[in-house]
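The values are calculated or read from the model by the stated rules, or taken from the named source; none is laboratory data. Here the structure is a predicted model, which means the values were calculated and not measured. Cβ coordinates were reconstructed from backbone atoms using ideal geometry, including for glycine residues, and neighbour counts include every protein chain displayed.
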Amino acid sequence: MAEPYYITTAIHYPNGRPHIGHAYEMIAADAIARFQRSQGRDVFFQTGTDEHGLKMVQTARGRGMTARELADEMSGYFREMAEKLDISCDRFIRTSEPDHYAASQAIWQAMADAGDLYLDRYEGWYSVRDEAFYEEKELTEGEGGQKLSPQGTPVEWTVEETWFFRLSKYQQPLLDLYAANPDFIRPEARRNEILRFVEGGLVDLSVSRTSFDWGVPVPGSPGHVMYVWVDALTNYLTGAGYPGEAEKLARYWPADLHLIGKDIVRFHTVYWPAFLMSAKIALPKQVFGHGFLLNRGEKMSKSVGNVVDPMELARLYGVDALRYFLLRDVSFGQDGTFSDEAIVTRANADLANSFGNLAQRTLAFIAKNLDGLYPEEGRADPADAALLAEVELARAGFRVAFQDLALGQGIEAWMAGVFACNQYIDAQAPWALRKTDPERMHAVLRTLVKAIRMLAETIAPVVPESAAKLLEQVGPAIPPPGYRFPAPSPIFPKLELQEGA
Ligand code: ME8
């Protein structure tokens, strides 16, 4: 039976529509999932929406609806985006689903059984209007000495009863974990940040709320719902069948990779492993914190008005051009910047002018001069084997880089194979051989068809739809006698910058 591979994205807050950062994370995870499948792994890939918590309650109130109604509406947009972007997830989880409540309550119970949860008082300046606690130093004074939150709402000194998790107890076990598993947190810069943070000491974590009820009820503690991060992180276990589906759980847990953004590394590499250690559940193998996408170098925000709708980019330039650009141009693990120009430039240079042109030149030539028939063996030349060896090397480069999550480097390695083919076709000039040496022409075309097929297979995790179309056009790896190619049509159109971009 194939070796399992469980990969997850963060689950996204559906308190607004998805933005390009969400799309980026899904696309990266999808490329990794597809790659692992191509390597014969039995992949389980999960993404979804994180629907509880105060933020959802507040946004819903602002829109005059319930949190559940808001979640139902917005989660739909995330799911729709996943479909449009060819995200091959095996489960799209919603934390409002019943099996997720069961999983969250089970891990809670396990942490309680370990003696790691205790009831205490949480004191602080609380704004009822914001449903949030503030620190003394954040406050200002209004009329009559009334203390005000940074939002200008009145705050009161409030004491809330809450459950605490003994995070402090896990400082040393966590440091031991990082020391024993240098690859648990990647990339290196993120690992160093977390080491510093944990070395600085950990305080116990407030893990329940009584001020609202949109969350997973704490077992045996009426009035308390779990702090949203407790249930959010547990989604990864829910997807693997925890607690009831023993066979699935044994197969897919621990997860191979949690792919998340750099802003939530602490939750995934401090809180999450501590919860799991407490509940005596195996730890995920790796957490990778990718960088942030910047719009022309600027942070995106609603107030600046530069938030980009990924669906619009996909509509303007195509899903595969967008996927290719994001994975090729953003160095995986670092921040990256995008613009319409950058997408168009990259997609045209690599996909339309190099790979697409190679395929189109070759297949159109065969259609015209060989009447679409698969080229014969012809007369081999060392240049043919040399090209196939270079393409094989490009494939290996892609494979090694993708295994290591160096996605951009993998694509670069692949491009080296495309360049080699373009050099080969120019040097061999089959159009000249047609009259002078048809036997050589056959060998050259046959070599090119093989090479293009290999390159299309390799890049399929990045541009799945285009690669599938191209694979149809280059025909089967071992064609039956008399095989004729379907009529070729260009697969990677030359893009133009769209108006108003
Ligand atoms: O944090 N570029 O949800 P979220 C790249 N629900 N990635 C970005 C980004 C950007 N500009 N902005 C956000 C949450 N992200 C929690 C996660 S997991 C158990 C719970 C990434 O909707 C962000 O880093 O705010 C995160 O990984 C993901 O998008 C969802 O962010």
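Exactly one residue out of 364, 342 is more than 14 Å from the ligand (Cβ to nearest atom), within 22 Å of the chain's Cα centre (by Cα), part of a helix (DSSP H, G or I) and farther than 23 Å from residue 239 by Cα: that is 342.
Within the set 17, 41, the sole residue that is away from the ligand (no atom under 12 Å from the Cβ) and surrounded by fewer than 24 Cβ atoms within 10 Å (Cβ to Cβ) turns out to be 41.
Being assigned to a loop (DSSP other than H, G, I, E, B), of a type in the set (A, V, I, L, M) and more than 11 Å from the ligand (Cβ to nearest atom) is true for just one of 250, 255, 274. Which residue is that? It is 255. Looking for whichever is of a type outside the set (Phe, Trp, Tyr), surrounded by fewer than 18 Cβ atoms within 10 Å (Cβ to Cβ) and under 25 Å from residue 364 (Cα atoms) here; the options are 384, 404, 426. Which one fits? So the residue among 384, 404, 426 that is of a type outside the set (Phe, Trp, Tyr), surrounded by fewer than 18 Cβ atoms within 10 Å (Cβ to Cβ) and under 25 Å from residue 364 (Cα atoms) is 426. For residues that are of a type in the set (Val, Ile, Thr) and surrounded by fewer than 18 Cβ atoms within 10 Å (Cβ to Cβ), scanning just the range 282-307, find the one that is farthest from the ligand (Cβ to nearest atom). So the residue we want is 304. Every condition in (1) of a type in the set (A, V, I, L, M); (2) away from the ligand (no atom under 11 Å from the Cβ); (3) touching a residue at least 60 places away in the same chain (Cβ under 8 Å); (4) in the same structural domain as residue 242 (by TED's automatic domain parsing) is met by residue 311 except one, and the failing one is (4). Give me a count of the residues in the range 110-138 that are part of a helix (DSSP H, G or I) and in contact with a strand residue (DSSP E or B) (Cβ under 7 Å, 6 or more places away or on another chain). The qualifying residues number 2.
Of all the residues in the range 410-432, those that are within 29 Å of the chain's Cα centre (by Cα) and either modelled with pLDDT under 95 or not in a helix (DSSP H, G or I) (or both) number 0.
Per-residue answers, yes or no, for (1) among the aliphatic types (A, V, I, L, M); (2) surrounded by fewer than 17 Cβ atoms within 10 Å (Cβ to Cβ); (3) free of Cβ contacts under 8 Å to residues at least 24 places away in the same chain:
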| site | (1), (2), (3) |
| --- | --- |
| 317 | no, no, no |
| 333 | no, no, no |
| 344 | yes, no, no |
| 364 | yes, yes, no |
| 376 | no, yes, no |
